[in-house]
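Undergrad: Take this structure, written in structure tokens, and hold onto it; I'll ask about it next.
The values are calculated or read from the model by the stated rules, or taken from the named source; none is laboratory data. All of these numbers come straight from a predicted model, not from anything done at the bench. When we count neighbours, we look across all protein chains shown, and the Cβ atoms used for this are built from the backbone with ideal geometry, even at glycine. When the accessible area is computed, the model is the full protein with side chains, heavy atoms only, and any ligands, DNA or RNA have been set aside. Shrake-Rupley method; radii C 1.70, N 1.55, O 1.52, S 1.80 Å.
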Amino acid sequence: MKGSAFAPATLSNLGPGFDVLGLALDQPRESIEVELGVGSGGIAIRAEGPYGDRLPLDPKKNVASFAVEKILELHGRPAHASLRIHKMVPPGSGLGSSAASSVAAAVATLRALGAPLDPDAILDVGRRAEALAAGSPHLDNVAPALFGGFVAVVGTDPPVVRSLPIPKTWALAVILPHLEVRTKDARAVLPEKVPMADAIANLRNLSGLIDAAIRADLASFSRHLVDRLAVPYRLPLWPYLEDARRAAIGAGALALEISGSGPAMFAPCANMEEAEAVGSAVEKSLRARNLGSTRYACRPGGPGALHS
Ligand code: HSE
């Protein structure tokens with residue numbers, strides 16, 4: 001019995017929505033195939049694609065095989081499967097690599113079983129996979145990887161996800177410096193308490209951001225992409241950010257923000273031409289620091305694994 005699925009790369013946090021907001025991109029996408037009952041028992045992993053060689057092949061450390069195992073366990077089936085991962089979402093990028101893997105693997109396994117795609121069960125497995133990969137069960141990449149679109153995680157235990165509107169005609173410049181930032185390390189620098197004024201600023205910005213998405217107001221959306229709960233503490237992890245921001249704004253963007261714990265950055269743009277120009281200017285600023293990068297010009301709110 002075989003099943004397959006894809007799951008998209010995702011932006012998370014989106015400025016003030018730390019651990020709450022997530023957005024599916026239309027590319028890159030991870031694809032995974034699961035075949036049940038083959039091999040000599042256990043879960044055999046084959047990783048291919050541009051980032052396949054960066055995945056752990058030990059099933060205890062690999063989030064995709066973790067998801068396969070947990071779904072099989074839920075259905076009373078032995079952990080006996082082979083798994084082929086076409087790894088397109090770069091690990092340690094801030095683009096939801098572990099969420100794309102665990103969600104695509106869970107959906108592919110349910111398809112191989114011929115079982116219904118129960119979103120609650122998949123979110124629960126995704127949350128536990130994030131805890132394995134990053135030491136924290138955040139859902140802001142898992143939820144958009146599963147449902148697609150722009151989402152808010154409004155409940156965590158049990159997970160509750162609400163879909164928000166976002167204009168599909170907007171574009172995004174997404175630039176990934178060739179560095180790896182481990183989410184676990186980026187969470188370790190966060191304080192336990194934050195000043196009240198920062199919490200209030202985030203509430204204001206979060207309200208403004210969602211309002212701007214509803215009204216399709218790109219300038220207001222960009223203006224509210226400001227976080228005071230996590231980004232200020234993580235700045236030392238992203239020494240290129242200020243130069244990159246200047247370059248993006250010089251090329252016509254209104255804001256450039258980090259996705260998740262980085263190192264990837266994104267700038268909302270009015271159209272694909274602007275996204276190309278902004279991406280290229282940011283890449284130039286990175287090259288000036290001897291940093292290579294990969295860039296994507298994306299549409300926001302692509303489909304999730306449920307629709308793959
Ligand atoms: N919300 C998470 C964080 C996303 O910023 O730690 C991790 O990519």
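Undergrad: Which pairs do you get when a residue that is at negative phi, found in the stretch 271-300, comes within reach of a residue that is hydroxyl-bearing (S, T, Y) and modelled with pLDDT of 95 or more, reach meaning Cβ atoms under 7 angstrom, with the pair 6+ apart or on two chains?
TA: Pairs found: E283/S293; L286/Y240; L286/S293; R289/Y240; L291/Y240.
Undergrad: Go through the residues of the stretch 279-291 one by one and say whether even a single one is part of a loop (DSSP other than H, G, I, E, B) and within 19 Å of the chain's Cα centre (by Cα). Give the steps one after another, and end with the answer.
TA: Going residue by residue through the stretch 279-291, those that are part of a loop (DSSP other than H, G, I, E, B) are 288-291.
Pick out the ones that are also within 19 Å of the chain's Cα centre (by Cα) and you get none.
No.
Undergrad: Among (1) farther than 30 Å from G252 by Cα; (2) surrounded by fewer than 23 Cβ atoms within 10 Å (Cβ to Cβ); (3) among the basic types (K, R), where does K87 come up short?
TA: So K87 meets the others, but not (2).
Undergrad: Still on this structure, I have one more. May I ask you to verify whether A134 is open to solvent by less than 40 Å² (accessible area, probe 1.4 Å), within 15 Å of the ligand (Cβ to nearest atom) and either over 17 Å from L23 (Cα atoms) or without any contact (Cβ under 8 Å) to a residue 12 or more places away in the chain (or both)?
TA: Values: open to solvent by less than 40 Å² (accessible area, probe 1.4 Å): yes; within 15 Å of the ligand (Cβ to nearest atom): yes; either over 17 Å from L23 (Cα atoms) or without any contact (Cβ under 8 Å) to a residue 12 or more places away in the chain (or both): yes.
Yes; evaluated as a whole, the condition is true for this residue.
Undergrad: Consider the stretch 14-23. How many of its residues are near the ligand (Cβ under 9 Å from one of its atoms), open to solvent by less than 10 Å² (accessible area, probe 1.4 Å) and not in a strand (DSSP E or B)?
TA: 1
Undergrad: Taking L206 and the conditions (1) free of Cβ contacts under 8 Å to residues at least 40 places away in the same chain; (2) within 16 Å of the ligand (Cβ to nearest atom); (3) crowded, with 19+ Cβ neighbours inside 10 Å; (4) farther than 21 Å from A297 by Cα, which numbered condition does it fall short on, given that it satisfies the others?
TA: Going through (1) free of Cβ contacts under 8 Å to residues at least 40 places away in the same chain; (2) within 16 Å of the ligand (Cβ to nearest atom); (3) crowded, with 19+ Cβ neighbours inside 10 Å; (4) farther than 21 Å from A297 by Cα one by one, L206 breaks only (1).
Undergrad: Quick one: H80 ticks every box in (1) modelled with pLDDT of 95 or more; (2) away from the ligand (no atom under 16 Å from the Cβ); (3) open to solvent by 10 Å² or more (accessible area, probe 1.4 Å) except a single one, so which number is it?
TA: If we test H80 against (1) modelled with pLDDT of 95 or more; (2) away from the ligand (no atom under 16 Å from the Cβ); (3) open to solvent by 10 Å² or more (accessible area, probe 1.4 Å), just (1) comes out false.
Undergrad: All but one of (1) within 28 Å of S101 (Cα to Cα); (2) surrounded by fewer than 21 Cβ atoms within 10 Å (Cβ to Cβ) hold for E257; which doesn't?
TA: It is condition (2) that E257 fails.
Undergrad: While we're looking at this one, here's another question. Kindly indicate which of A212, A173, A186 is small (G, A, S), within 14 Å of the ligand (Cβ to nearest atom) and buried (at least 19 other Cβ atoms within 10 Å of the Cβ).
TA: Numbers: A212 fails: within 14 Å of the ligand (Cβ to nearest atom); A173 fails: within 14 Å of the ligand (Cβ to nearest atom).
Selected residue: A186, the only one of A212, A173, A186 that is small (G, A, S), within 14 Å of the ligand (Cβ to nearest atom) and buried (at least 19 other Cβ atoms within 10 Å of the Cβ).
Undergrad: Also, quick follow-up: Which condition does P263 not pass, out of (1) within 13 Å of the ligand (Cβ to nearest atom); (2) farther than 22 Å from L23 by Cα; (3) assigned to a loop (DSSP other than H, G, I, E, B), if it passes all the others?
TA: Going through the list (1) within 13 Å of the ligand (Cβ to nearest atom); (2) farther than 22 Å from L23 by Cα; (3) assigned to a loop (DSSP other than H, G, I, E, B), P263 breaks only (2).
Undergrad: Only one residue in G39, G3 is part of a strand (DSSP E or B), in contact with a Ser or Thr (Cβ under 7 Å, 6 or more places away or on another chain) and of a type outside the set (A, V, I, L, M, F, W, C), so which one is that?
TA: On inspection, the qualifying residue turns out to be G3.
Undergrad: Would you confirm, using the coordinates I've provided, whether V107 is open to solvent by less than 20 Å² (accessible area, probe 1.4 Å), within 12 Å of the ligand (Cβ to nearest atom) and closer than 23 Å to I45 by Cα?
TA: Details: open to solvent by less than 20 Å² (accessible area, probe 1.4 Å): yes; within 12 Å of the ligand (Cβ to nearest atom): no; closer than 23 Å to I45 by Cα: yes.
No, not satisfied.
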